[in-house]
Amino acid sequence: MHFDQLSLIRSPNIGPVSYRQLMARFGSARAALEALPDLIRRGGGKQVALANEAVIAREFQFVQAFGARHVFIGDADYPFLLSHLENAPPVICVKGNLELLARPAVALVGARNASAGACQFARQLAFELGQMGLSVVSGLARGIDTAAHAGSIEGGTVAVIAGGIDVVYPPENRALQDAIAERGLQIAEQPPDTEPRARHFPYRNRIIAGASAGTVVVEAAPKSGSLITARLAAEAGREVMAIPGSPLDPRSRGCNQLIREGANLVQNASEIAELISPLDNRMLAPRVKWVSSITLIADDSSHTERSAVIDLMGMTYVSVDELVRQSGSSPSTVQMVLLEFELAGKLERGAGGKVRLAA
């Protein structure tokens, strides 16, 4: 079963949302793979390219030989909080102690060019959180991320990697990354041997935010990736916290901006633990089947209905609800048309579930 799942995930134009919709519609990865050629043609695609089975087999073999493993959404040990994201990664590669995400976790992120004082504070804060039984999640970047991992390496640290599970980035963190694999946990969404690119970091950030009960920003410029992580945490219904800083330091403006916009001002580990405890209690609830939140989509749309949806789309992102309202079609029809277009490479999905025609 997992072979078919990975084949589906690694097929062109299959993203987290389309993967879940296909699984909900067809019931299994094998059935979805068999249906893909017809769906792609209906979306206007001319070439049908599925994942190569030999490549998939090599990936399984490599990951196992590397000392890592695949964990698929729907598996019993897939991180509970992460599974509740609408765009949760269908599969992650993990190396280390996955039980670290079975206990309460806090994301600790911040500037790459952080001040020495902020790095020292982040390292001490991460250490104290670990001593309180909390796992610390970060992105293994320079600056605050590195300090967070260093401080929590003994208490429990989780590194979310932007590239493949076997790729070291940044290069100077090789020893730290190896130590995390031995004493903590590494997570990667991208296939092995994938060098991190700019487009990979927002995907990494959603995992950092989604796997954690709350996100703490220690130091950040106004347009930094750390603020993206904070926004993703807020969209997922998680706590957003920030360490206040001097208005004279540009690296503090992002945190001060978050506080002004409603983030919780925190100054120590105890305040962080107190804020995330209500969400922690929800982790005790029974696990729901991961596909239960996905609306089943039908494939009985008429040509007129399909044309109505397509004609409404353009290069500007629009919500699916707006397409349903303006087209007069059922939500299942609209979802099916969008799925076919995405599989044909003609649709892009953006933040907040919005869509647009591919450039």
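Considering segment 39-152, the qualifying strands (runs of 3 or more DSSP E), each wholly inside and each with 1 or more residues that are in contact with a Ser or Thr (Cβ under 8 Å, 6 or more places away or on another chain) and surrounded by 15 or more Cβ atoms within 10 Å (Cβ to Cβ), run over 105-109, 135-138. Of all residues in segment 300-358, those being touching a strand residue (DSSP E or B) at 6+ places or on another chain (Cβ under 8 Å), more than 19 Å from SER18 (Cα to Cα) and part of a loop (DSSP other than H, G, I, E, B) number 3. State all residues of segment 60-84 that are in contact with an Asp or Glu (Cβ under 9 Å, 6 or more places away or on another chain) and touching a residue at least 60 places away in the same chain (Cβ under 8 Å); if no residue qualifies, say none. Within segment 60-84, PHE62, VAL63, PHE66, ALA68, HIS70 qualify.
Listed by position, the helices (runs of 4 or more DSSP H) enclosed by segment 170-266 that each have at least 1 residues that are crowded, with 24+ Cβ neighbours inside 10 Å and among the hydroxyl-bearing types (Ser, Thr, Tyr) are 225-235. Checked against (1) more than 20 Å from the chain's Cα centre (by Cα); (2) closer than 19 Å to VAL216 by Cβ; (3) of a type in the set (Asp, Glu), ASP145 passes all but a single condition, namely (1).
Throughout, read-outs are computed from the coordinates displayed, never taken from laboratory work. A quick note: this is a predicted structure, and the numbers were derived from the prediction, not measured. Quick reminder, even Gly has a Cβ in these numbers, built from the backbone with ideal geometry, and neighbours come from all protein chains shown.
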